[in-house]
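Input: a single structure, listed below in structure tokens.
The values are calculated or read from the model by the stated rules, or taken from the named source; none is laboratory data. Predicted model only: the values in this text are computed from it and were never measured. Using ideal geometry, Cβ is built from the backbone for each residue, glycine included, and neighbour counts are taken over all protein chains shown.
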Amino acid sequence: MPLIDTAQMLRAERAAGRAVGAFEPYNVEQIVAVIEAAEAERAPVIVQLWAEVIETYGFPALCCVVRELAGRSSALISLHLDHSDDDALIDACLENGFSSVMFDGSRLPYEENLARSRDVVRRARKVGASVEAELGIVGNIAEYATEEEAHAAIQSLLTTPEQAAEFVRETGIDILAPAVGSIHGCSLPFARLDAPRIAAIAEATGVPLALHGGSGVGEGQIRAAIAAGIAKINVDTEVRQASIATLKQAVAAIGSGPQEPPDYARVPRAVRVTTREAVAARIRAMR
Ligand SMILES: [Zn+2]
């Protein structure tokens, strides 16, 4: 299928009581794996890319790979730029056919985050793409010495429904990433999601909500979050950890003796399988 608009995909899934997984492939074998997992689970999926990954492959190669694989798949796929405050990169993604972009101005002063998010929306509208923006600060576990310290600190960074409503109204964004108790870079179990806050933000804004730091959220909380209004769930750390463990094993298993030609081909194959399984398991938890 051709790539589809991210916000449209999220609204449809939300109406059916489901969320869509957004996964971060770092290379081509992982892009293949994410799309294969979506097809196997008969679920839509968001392929989201970081600036670093785009830098590795460049435009338009990466978009061509995703578009080609999506085109051959029966699954609904969208292509999304994750976390960026780089206007040049955002514009390049829009020009290269991304379905959506995330402008992350969460650490900027509120007024600046609002103004720049609004400007990204204006540019995205010209090419029919949708926009995600962050309000409040989700943060990263690496910023804190302990998990308890992180829990205490993020309480003051959570998004309020009142400010979320104003932010969405004033910017015109399609997807809001609120801070609701999860954190980036953490595997299970971390999050103590504030489900009433999620429900209040969903009600006040009317747009699909994105949960960042999904690797640190257990299945029970995932279900509660979806019931409260989360429509997009970002999962990176968990899949990354599984893939790196496989990568290390596969590299260690490559022979180095004179009679044994180095079999590099097994490395991407092994990563593809692990990534596909990890992504599929997470998709199942969202449906
Ligand atoms: Zn994030």
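Here are some residues: Ser99, Ser73. Which one is buried (at least 24 other Cβ atoms within 10 Å of the Cβ), closer than 21 Å to Ala22 by Cα and modelled with pLDDT of 95 or more? Going through Ser99, Ser73 in turn, just one is buried (at least 24 other Cβ atoms within 10 Å of the Cβ), closer than 21 Å to Ala22 by Cα and modelled with pLDDT of 95 or more: Ser99.
Pick out the one residue from Val66, Val32, Val53 that is assigned to a helix (DSSP H, G or I), free of Cβ contacts under 8 Å to residues at least 60 places away in the same chain and either more than 16 Å from the ligand (Cβ to nearest atom) or out of contact with any Cys (no Cβ under 8 Å at 6 or more places or on another chain) (or both). Answer to the check: Val53. Within the stretch 125-138, the set of residues being more than 16 Å from the ligand (Cβ to nearest atom) and either in contact (Cβ under 8 Å) with a residue 60 or more places away in the chain or crowded, with 24+ Cβ neighbours inside 10 Å (or both) comprises Gly128, Ala129, Ser130.
Among the conditions (1) farther than 14 Å from Val20 by Cα; (2) touching a Pro at 6+ places or on another chain (Cβ under 7 Å); (3) at pLDDT 95 or above; (4) not polar (S, T, N, Q), the only one that Ala202 does not satisfy is (2). Of all residues in the stretch 222-242, those satisfying the criterion of being of a type in the set (Lys, Arg) and more than 11 Å from the ligand (Cβ to nearest atom) are Arg223, Arg240. Arg197 satisfies every condition listed in (1) in contact (Cβ under 8 Å) with a residue 24 or more places away in the chain; (2) within 16 Å of the ligand (Cβ to nearest atom) except (2). Across the stretch 69-88, which residue is nearest to the ligand (Cβ to nearest atom) among those that are farther than 16 Å from Ile173 by Cα and among the hydroxyl-bearing types (Ser, Thr, Tyr)? Filtering first and then ranking leaves Ser78. Out of all the residues in the stretch 205-216, is one or more in contact with a Pro (Cβ under 9 Å, 6 or more places away or on another chain) and at pLDDT below 90? Yes, the stretch 205-216 contains a residue that is in contact with a Pro (Cβ under 9 Å, 6 or more places away or on another chain) and at pLDDT below 90. Just checking, how many residues over the stretch 1-16 are small (Gly, Ala, Ser) and either part of a loop (DSSP other than H, G, I, E, B) or crowded, with 21+ Cβ neighbours inside 10 Å (or both)? Matching residues across the stretch 1-16 total 2. Checking each residue in the stretch 89-121 for being within 16 Å of the ligand (Cβ to nearest atom), in a helix (DSSP H, G or I) and not hydrophobic (A, V, I, L, M, F, W, C) picks out Asn113, Ser117. Going by the conditions given, is Ile173 in contact with a helix residue (DSSP H, G or I) (Cβ under 9 Å, 6 or more places away or on another chain), modelled with pLDDT of 95 or more and either within 16 Å of the ligand (Cβ to nearest atom) or more than 20 Å from Ala231 (Cα to Cα) (or both)? Judged against the criteria, Ile173 is a match.
Taking first residues from the stretch 97-115 that are on the phi > 0 side of the Ramachandran plot and partners that are more than 16 Å from the ligand (Cβ to nearest atom), the Cβ contacts under 6 Å between residues at least 6 apart in sequence or on separate chains come to Gly97/Cys63. Does the stretch 207-221 contain at least one residue that is within 14 Å of the ligand (Cβ to nearest atom), buried (at least 20 other Cβ atoms within 10 Å of the Cβ) and farther than 28 Å from Arg272 by Cα? Among the residues of the stretch 207-221, at least one is within 14 Å of the ligand (Cβ to nearest atom), buried (at least 20 other Cβ atoms within 10 Å of the Cβ) and farther than 28 Å from Arg272 by Cα, which makes the answer yes. The single residue among Pro189, Pro178 that is surrounded by 20 or more Cβ atoms within 10 Å (Cβ to Cβ) and either touching a helix residue (DSSP H, G or I) at 6+ places or on another chain (Cβ under 8 Å) or not small (Gly, Ala, Ser) (or both) turns out to be Pro178.
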